[in-house]
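S.K.: Once you've had a glance at the structure underneath, I'll fire off some questions.
Each value in this text was obtained by applying a stated rule to the coordinates, not by laboratory testing. As the structure is a computational prediction, the values presented were derived from the model and not from experiment. Cβ: placed from backbone, ideal geometry, glycine included. Neighbour counts: every protein chain shown.
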Amino acid sequence: MQIILKRPLAFFDLESTGLTIGLDRIIEISVLKLFPDNSREMFTRKVNPEMPIPELITNLTGISDADVKDAPTFAQLGQELLEFLDNCDFAGYNSNKFDVPMLVDEFLRTGFNFDIANRKLIDVQNIFHKMEQRTLSAAYKFYCEKDLINAHSAEADIIATFEILEAQLERYTGKIEKDVDSLHKFTNMFNTVDLAGRMVYNEKGEEIINFGKHKGKTVVSVFSSEPSYYDWLMKGDFPRQTKAVMKSIWDRYQVSKLQEKFGSK
């Protein structure tokens with residue numbers, strides 16, 4: 001069953017030195033770009049992370065330091081990737097929690113202006129978890145009746161993810177709409193403010209802290225009671241996109257304080 005597209009949909013998967021966004025680096029990226037006419041284009045690159053690849057990651061992905069020593073860094077690859085992803089919505093497996101935040105952080109780290117605000121995000125894992133509760137390999141077996149060969153190879157994983165989504169749309173005909181807007185809404189299970197989910201919106205549309213000692217409090221109330229919290233977060237090992245969102249809230253808060261001060265005179 002063909003996905004209804006208004007613009008290209010980029011299925012992508014990342015392999016990285018670890019799972020800590022803001023500290024770890026991408027070592028491989030693979031993108032399957034699906035066009036509205038159902039034609040496809042593949043983009044796969046090894047990336048030099050400019051840091052050692054842990055042995056655990058090498059054992060998991062098969063990618064070693066030797067494999068990436070002559071590969072471009074993300075800074076060198078960024079412009080080509082930016083152009084390839086231009087005007088694309090995104091899809092992946094667990095992509096809303098990891099791949100999208102990691103990709104955005106790498107673009108920000110290397111100085112590229114990458115706008116995520118107007119992209120639709122489809123997380124195939126969330127469809128699977130809502131409907132069946134399984135892993136990627138099990139999803140591939142369940143939906144496509146195939147064994148996933150070369151799991152943890154970015155290209156194999158992302159091709160499998162694309163095939164799973166097609167099979168999901170076929171299986172759940174009448175239950176899931178197959179246009180990108182509907183899939184974006186269906187697969188975004190949490191009303192997050194930042195990509196990493198450190199902040200979420202409450203029912204009033206207020207930004208709420210979603211971790212640590214202030215979990216459940218509004219960001220603005222924490223700024224008011226503990227202004228040093230902002231400095232702590234901005235100096236911490238948080239994703240760059242989280243910091244950028246926090247800064248925008250902080251700036252808005254400062255403007256509101258000035259308006260209150262001068263408006264009262």
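S.K.: Could you let me know the centre-to-centre spacing of segment 83-119 and segment 189-224, using Cα atoms, in angstrom?
M.R.: Segment 83-119 and segment 189-224 have Cα centres spaced 21 Å from each other.
S.K.: Can you give the convex hull volume per residue for the Cα atoms of segment 1-75, as a whole number of Å³? Write out the running numbers ahead of the final one.
M.R.: Working: hull volume 9.5 nm³, N = 75.
Normalising the Cα hull of segment 1-75 by residue number yields 127 Å³.
S.K.: Among the aspartates and glutamates, which fall within straight-line cross-link reach of LYS185, defined as a Cα-Cα distance under 14 Å, with same-chain neighbours fewer than 8 residues apart omitted?
M.R.: Of all the aspartates and glutamates, those that pass the test against LYS185 - Cα under 14 Å, at least 8 places apart if same chain - are ASP89, ASP123, GLU177.
S.K.: Have a look at ALA167, ALA66, ALA244 and tell me which one the Gaussian network model of the chain (Cα, springs below 10 Å) gives the largest fluctuation.
M.R.: Per the Cα network of the chain with a 10 Å cutoff, ALA66 tops the list.
S.K.: Additional query: ASN118 versus VAL220, label points 7 Å from Cα toward the beta carbon: distance in nm?
M.R.: Calculated label separation equals 2.8 nm.
S.K.: If each DSSP helix of 4+ residues adds -39,500 (n - 2.57) and the sum is divided by the residues in the chain, what number results at 222 nm, nearest 500 deg cm²/dmol?
M.R.: Details: 11 runs with 114 residues, N = 265.
Theoretical 222 nm ellipticity from helices: -13000 deg cm²/dmol.
S.K.: Within segment 213-232, name every residue whose backbone N is under 12 Å away from a label modeled 7 Å from Cα of ASN202 along the Cβ vector.
M.R.: Inside the label zone: 215-222.
S.K.: Which FRET efficiency value, to the nearest 0.05, do you get for ASN191 and GLN259 by plugging their Cβ-Cβ distance into 1/(1 + (r/R0)^6) with R0 = 25 Å?
M.R.: After rounding to 0.05, the efficiency reads 0.40.
S.K.: Sticking with this one: Using a 10 angstrom cutoff on alpha carbons, build the Gaussian network for the chain and name the most mobile of LYS130, LYS69, LYS213.
M.R.: It is LYS213.
S.K.: Just how many % of Cα pairs in segment 1-132 lie over 24 Å apart, if you round to the nearest whole percent? Walk me through the numbers before you get to the answer.
M.R.: Working: 2499 of 8646 pairs.
Here the tail beyond 24 Å accounts for 29 percent of pairs.
S.K.: Still on this structure: Given H placed on each backbone N at 1.01 Å, which residues far from ILE208 in sequence or on other chains put an amide H within less than 5 Å of it?
M.R.: When sequence neighbours closer than 5 places are left aside, the close amide H contacts are VAL200, TYR201, ASN202, VAL219.
S.K.: Further question on the same structure: Restricting the count to DSSP beta bridges whose residues both fall in the chain, what percent are antiparallel, rounded to a multiple of 5? Mind showing how you got there, number by number?
M.R.: Working: 20 of 28 bridges.
Bridges in the chain that DSSP calls antiparallel: roughly 70 percent.
S.K.: Here's something else I'd like to know. Distance cut-off 30 Å, Cα to Cα: go down the list LYS69/LYS130; LYS175/LYS215; LYS141/LYS178 and report the pairs above it. Before the final figure, lay out the partial values.
M.R.: Numbers: LYS69/LYS130 41 Å; LYS175/LYS215 34 Å; LYS141/LYS178 22 Å.
Violating the 30 Å Cα-Cα cut-off are LYS69/LYS130; LYS175/LYS215.
S.K.: Around THR110, under 11 Å between beta carbons, what's the net of Lys plus Arg minus Asp minus Glu among the other residues?
M.R.: On the way: positive: ARG25, ARG109, ARG240; negative: GLU50, ASP105, GLU106.
Charge balance in the 11 Å sphere: 0.
S.K.: Working from the alpha-carbon coordinates of segment 199-263, get Rg over Rh, Rh being the Kirkwood radius.
M.R.: Values: Rg = 12.0 Å, Rh = 12.4 Å.
Rounded to two decimals, Rg over Rh is 0.97.
S.K.: Same structure, new question: Using the Kirkwood formula on the Cα atoms of segment 87-213, what hydrodynamic radius do you get, in angstrom to one decimal?
M.R.: On the way: mean 1/r = 0.0631 Å⁻¹.
Value: 15.8 Å, from the Cα pair sum.
S.K.: How would you order 97-107, 21-31 from highest to lowest mean count of nearby Cβ atoms within 10 Å? Present the calculation step by step, with values, prior to reporting the outcome.
M.R.: Numbers: 97-107: 23.8, 21-31: 21.7.
Ranked from most to least packed, the peptides come out as 97-107, 21-31.
S.K.: Would you kindly calculate the translational diffusion coefficient of the chain, applying Stokes-Einstein with the Kirkwood radius from alpha carbon pairs, for 25 °C and a viscosity of 0.890 mPa s, and quote it in µm² s⁻¹ without decimals? Let's see the in-between values first.
M.R.: Details: Rh = 20.0 Å.
Estimated via Stokes-Einstein, D reaches 123 µm²/s.
S.K.: Further, regarding this structure: Which lysines does LYS217 reach when only Cα atoms under 21 Å apart count, and residues fewer than 8 places away in its own chain are ignored?
M.R.: Correct list for LYS217: LYS204, LYS235, LYS243, LYS247, LYS257.
S.K.: Still on this structure, please answer the following. Once you put a point 7 Å from the Cα of GLU55 and another 7 Å from the Cα of ILE176, both along the Cβ direction, what distance in nm separates them?
M.R.: A separation of 4.0 nm, rounded to one decimal place.
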